[in-house]
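Visitor: Let me begin by handing over the structure; questions about it come next.
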Amino acid sequence: MKQFINTIFLIFVIPGVTLLIAAPPVFAQSAPDLSGTILNTKHNLSVSGPGAIKSTTEDRVCIFCHTPHNAVADVGYLWNRATPPDHYTPYQSSTLFATVGQPTGSSKMCLSCHDGTIALGALVSEWAEIPFAGGIRFIPEGPSKLGTDLSDDHPVSFSYNNALAANNNEIVFPSALPPEIKLDSNEQMQCTSCHDPHSNIYGQFLVLPNDFSNLCISCHSKTGWALSSHSLSNATWNNLGTDPWPHTSYLTVAENGCESCHKPHTAGRHERLLNFSFEEDNCLSCHNGNVASSDIEAELSKIYNHPVQNYTGVHDTAEDFTQTVSNHVECADCHNPHVANSNPSPGAPQVSGSSEGVTGINTAGVQIDGAANLFEICYKCHADNNVKSSYSIDRQIDQLNTDLEFDPANPSYHPVESVGINPNVPSLLSPYTTSSIIYCTDCHNSDNSSGPAGPHGSNNKYLLEENYTTSDFTQYSSSAYALCFKCHDENSILGDDSFKEHNKHIVEEDTPCSACHDAHGISAQQGNSINNSHLINFDLSIVEPHPNDGGPYFEDQGMFSGSCTLVCHGKDHEQEDY
């Protein structure tokens, strides 16, 4: 703002004449606003620069990049630095639609400092290298030094055009980009699409602020992101443990947004630019009870768990579980962080919001992009492509493929894919009925009822929510078969409502439920409705063939009636009816 100070009168004396003339007024002017210029940024490498990296002798600001005379030919912008050779390792990913090669255009100009191979003071216009404070010659180690390995940096110098956007439905079309994000004359995205080297009003020389992922979502239109928990959550860090976020000024999950997990430069894990090299650390930095209310990290530390810590670099977002896939498990196999939300499931077997948008394998063995049912997610690793190679119980009919075990065409099965086949189950506890469908997680779940739900970890064998003892000669107690009694009335079972010798076998003979019953089901490819109804599939370490009639076998003779031929605990059952 200009301010009038006073008027100065000048007196000129000419022989015989005296002139009194008012001189023009004098104005005082406040200091100019330099906030949007290069002068007060770290890119001012002159002696007047505000940063620690600056010259000790050169007072010209623009010369470190530009020169009015004898600029580098074929580069433009009156460029004053040598351009580095094509010696870069570009970013690559199995989910990358663009073709990324060597840097071009303005990106190569940026790298003439930021790859650390050319001295900061080595300018084309100067015959001698300009000295810097502290004897620094090259850009120091740190986040600004990108090096020549750009595989851990956001890709640049690729064509961002309508064809790319049409092929990848999760990026916006060029015409929809905000005006601050500029492509070069060849329709290529460059460093200058996100960074303005002359202005640092938003920090990190960004062309737009990136709180609430504002800059990221200007290009990336991730399916489901707008309604996801990671986009909307107001959860904050509780100041315990390690600060999970790169920006101290961003206080909530939503405000950090994409950068809660991704780092656009010098990422810990190169593919998909994750903050940490170990995939699960990108989740557990918040899901350890210090940001998210549930402590998943503690669950994964239990005796039985999905061992995400055992694998690194095996999981791939583009993997096809109908093909040969190396055994592994990572958080992203069951959760899609761009889609996950807090919506409850509409009802079994449909997924809840926490597993929405995850790939799955349907009952036909076909991979689908968004699993509608929870069992379809489990089938990625526990069906045709099975991570298990050994049997927990030596069954008369062995089967590891859970899709085959739960098939509604089976002689018997627990109702995971469909309602059960048995219309008479008097032991069912409310709200369960013979029309009910259950989740895999109704059995395989955390053993902490007040903790986070899901099969992350349990202190019970087989990753079960409740104890389920399968050892022979187990002295009866409710806790021994607590898993069964989640759905089945203990009094009904011990009262022999459906089988007149339940009590005798379980209580008097100390025989476990698993001696006769196979909890998942019996495949129709191996069993039949006469011998394998009611989940009958004998444990051969307990039940032996009969010396006269062979077997062991069970014969269904109608409702609540049957016959067994076998030897159990040394007692012959030869066509023993009940």
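Visitor: With the structure loaded, tell me whether residue 494 is farther than 21 Å from residue 413 by Cα, aliphatic (A, V, I, L, M) and modelled with pLDDT of 95 or more or whether it fails that test.
Guide: Criteria met by residue 494.
Visitor: Something else about it: Identify all residues within region 269-295 that are under 16 Å from residue 311 (Cα atoms), among the polar types (S, T, N, Q) and surrounded by 19 or more Cβ atoms within 10 Å (Cβ to Cβ); write none if there are none.
Guide: Within region 269-295, 282 is the sole residue that qualifies.
Visitor: Can you name every residue in region 80-109 that is more than 22 Å from residue 165 (Cα to Cα), in a loop (DSSP other than H, G, I, E, B) and of a type in the set (Ser, Thr, Tyr)?
Guide: Result: 83, 88.
Visitor: Sticking with this one: Condition first: on the phi < 0 side of the Ramachandran plot, surrounded by 15 or more Cβ atoms within 10 Å (Cβ to Cβ) and in contact (Cβ under 8 Å) with a residue 40 or more places away in the chain. Now tell me which residues in region 199-213 satisfy that.
Guide: Scanning region 199-213 gives 199, 200, 210, 211.
Visitor: Residue 245 is checked against (1) outside any loop (DSSP other than H, G, I, E, B); (2) more than 21 Å from residue 173 (Cα to Cα); (3) not basic (Lys, Arg) and fails just one. What number does that condition carry?
Guide: Answer for residue 245: the failing condition is (1).
Visitor: Checking the conditions here, which among 82, 52 is under 13 Å from residue 113 (Cβ atoms), of a type in the set (A, V, I, L, M, F, W, C) and surrounded by fewer than 18 Cβ atoms within 10 Å (Cβ to Cβ)? Can you show your working first?
Guide: On the way: 52 fails: under 13 Å from residue 113 (Cβ atoms).
That would be 82, the only listed residue that is under 13 Å from residue 113 (Cβ atoms), of a type in the set (A, V, I, L, M, F, W, C) and surrounded by fewer than 18 Cβ atoms within 10 Å (Cβ to Cβ).
Visitor: Identify the single condition in (1) closer than 19 Å to residue 543 by Cβ; (2) more than 44 Å from the chain's Cα centre (by Cα); (3) touching a residue at least 60 places away in the same chain (Cβ under 8 Å) that residue 510 does not satisfy, given that it satisfies every other one.
Guide: (3)
Visitor: State which residue is farthest from residue 568 (Cα to Cα) when the search covers only region 463-481 and only residues that are in contact with a Leu (Cβ under 9 Å, 6 or more places away or on another chain) and not polar (S, T, N, Q).
Guide: Selected residue: 465.
Quick grid of which residues meet (1) modelled with pLDDT under 95; (2) more than 25 Å from the chain's Cα centre (by Cα); (3) not polar (S, T, N, Q):
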residue	(1), (2), (3)
167	no, no, no
180	no, yes, yes
188	no, yes, no
199	no, yes, no
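Visitor: Would you mind finding the one in 418, 435 that is over 35 Å from the mean Cα position of the chain (by Cα) and either over 30 Å from residue 295 (Cβ atoms) or at pLDDT below 95 (or both)? Give the derivation first.
Guide: Values: 418 fails: over 35 Å from the mean Cα position of the chain (by Cα).
On inspection, the qualifying residue turns out to be 435.
Visitor: Please work out if residue 532 is within 20 Å of residue 394 (Cα to Cα) and crowded, with 19+ Cβ neighbours inside 10 Å.
Guide: Yes; evaluated as a whole, the condition is true for this residue.
Visitor: Among the residues of region 35-49 satisfying the criterion of being of a type outside the set (Lys, Arg) and touching a Lys or Arg at 6+ places or on another chain (Cβ under 9 Å), which is surrounded by the most Cβ atoms within 10 Å (Cβ to Cβ)?
Guide: 45
Visitor: I need a count of the residues in region 423-439 that are buried (at least 17 other Cβ atoms within 10 Å of the Cβ) and either in contact with a helix residue (DSSP H, G or I) (Cβ under 7 Å, 6 or more places away or on another chain) or basic (Lys, Arg) (or both).
Guide: 2
Visitor: When region 162-181 is examined, which residues are found to be surrounded by fewer than 16 Cβ atoms within 10 Å (Cβ to Cβ) and either of a type in the set (A, V, I, L, M) or assigned to a loop (DSSP other than H, G, I, E, B) (or both)? Even if it seems obvious, please write down each step before you answer.
Guide: Looking only at region 162-181, we keep the residues that are surrounded by fewer than 16 Cβ atoms within 10 Å (Cβ to Cβ), and these are 162-163, 166-170, 173, 175-176, 178-180.
163, 166, 168, 169, 170, 173, 176, 178, 179, 180, listed by residue number.
Visitor: Go through region 306-340 residue by residue and tally those that are within 13 Å of residue 279 (Cβ to Cβ), among the small types (Gly, Ala, Ser) and assigned to a loop (DSSP other than H, G, I, E, B).
Guide: 1
Visitor: Before we move on, is residue 77 under 28 Å from residue 160 (Cα atoms), modelled with pLDDT of 95 or more and either surrounded by 12 or more Cβ atoms within 10 Å (Cβ to Cβ) or of a type in the set (Val, Ile, Thr) (or both)?
Guide: no
Visitor: Answer yes or no: is there a residue in region 322-344 that is in contact (Cβ under 8 Å) with a residue 24 or more places away in the chain, touching a strand residue (DSSP E or B) at 6+ places or on another chain (Cβ under 9 Å) and surrounded by 14 or more Cβ atoms within 10 Å (Cβ to Cβ).
Guide: No; the residues of region 322-344 include none that is in contact (Cβ under 8 Å) with a residue 24 or more places away in the chain, touching a strand residue (DSSP E or B) at 6+ places or on another chain (Cβ under 9 Å) and surrounded by 14 or more Cβ atoms within 10 Å (Cβ to Cβ).
Visitor: Checking residue 248 against (1) surrounded by fewer than 16 Cβ atoms within 10 Å (Cβ to Cβ); (2) over 30 Å from residue 388 (Cβ atoms); (3) of a type in the set (Val, Ile, Thr); (4) modelled with pLDDT of 95 or more, which test does it fail?
Guide: Here residue 248 meets the rest and fails (4).
Visitor: Exactly one condition in (1) buried (at least 18 other Cβ atoms within 10 Å of the Cβ); (2) under 12 Å from the mean Cα position of the chain (by Cα) is not met by residue 263; state its number.
Guide: Of everything listed in (1) buried (at least 18 other Cβ atoms within 10 Å of the Cβ); (2) under 12 Å from the mean Cα position of the chain (by Cα), residue 263 misses just condition (2).
Visitor: Criterion first (closer than 27 Å to residue 337 by Cβ and under 31 Å from the mean Cα position of the chain (by Cα)) does residue 375 satisfy it?
Guide: Yes.
Visitor: For residues that are closer than 26 Å to residue 88 by Cα and free of Cβ contacts under 8 Å to residues at least 24 places away in the same chain, scanning just region 121-140, find the one that is surrounded by the fewest Cβ atoms within 10 Å (Cβ to Cβ).
Guide: 129
Visitor: Follow-up question, since we're still on this one. Count, please, the residues in region 48-83 that happen to be in contact (Cβ under 8 Å) with a residue 60 or more places away in the chain and of a type outside the set (A, V, I, L, M, F, W, C).
Guide: Going through region 48-83 one residue at a time, the tally reaches 5.
Visitor: Sort out which residues of region 199-242 are of a type in the set (Gly, Ala, Ser), part of a loop (DSSP other than H, G, I, E, B) and more than 30 Å from residue 49 (Cβ to Cβ), and write them in order of number.
Guide: The initial filter retains those residues of region 199-242 that are of a type in the set (Gly, Ala, Ser), namely 199, 203, 213, 218, 221, 224, 226, 228-229, 231, 233, 235, 241.
From the residues that got through so far, the ones that are part of a loop (DSSP other than H, G, I, E, B) too are 199, 203, 221, 224, 228, 233, 235, 241.
Result: 221, 224, 228, 233, 235, 241.
Visitor: Which of the residues spanning region 521-560 are of a type in the set (Val, Ile, Thr) and within 23 Å of residue 470 (Cβ to Cβ)? Before you say what the answer is, go through the steps one by one.
Guide: Filtering region 521-560 down to residues of a type in the set (Val, Ile, Thr) leaves 522, 530, 536, 542-543.
Within region 521-560, 522, 536, 542, 543 meet the criteria.
Visitor: Need pairs with beta-carbon distance below 8 Å; first residue in contact (Cβ under 8 Å) with a residue 24 or more places away in the chain and within region 556-577, second among the small types (Gly, Ala, Ser) and part of a loop (DSSP other than H, G, I, E, B); sequence gap 6+ or separate chains.
Guide: Cβ pairs passing all conditions: 556/529; 560/498; 566/551.
Visitor: With respect to residue 418, determine if the residue is under 22 Å from residue 482 (Cα atoms), of a type outside the set (D, E, K, R) and either surrounded by fewer than 20 Cβ atoms within 10 Å (Cβ to Cβ) or in contact (Cβ under 8 Å) with a residue 12 or more places away in the chain (or both).
Guide: It is false that residue 418 is under 22 Å from residue 482 (Cα atoms), of a type outside the set (D, E, K, R) and either surrounded by fewer than 20 Cβ atoms within 10 Å (Cβ to Cβ) or in contact (Cβ under 8 Å) with a residue 12 or more places away in the chain (or both).
Visitor: Return the total of residues in region 371-410 being without any contact (Cβ under 8 Å) to a residue 24 or more places away in the chain and not acidic (Asp, Glu).
Guide: Result for region 371-410: 11.
The values are calculated or read from the model by the stated rules, or taken from the named source; none is laboratory data. Because the structure is a prediction, the values reported are computed rather than measured. Counting neighbours? That spans all protein chains shown, and the Cβs are built from the backbone with ideal geometry, glycine included.
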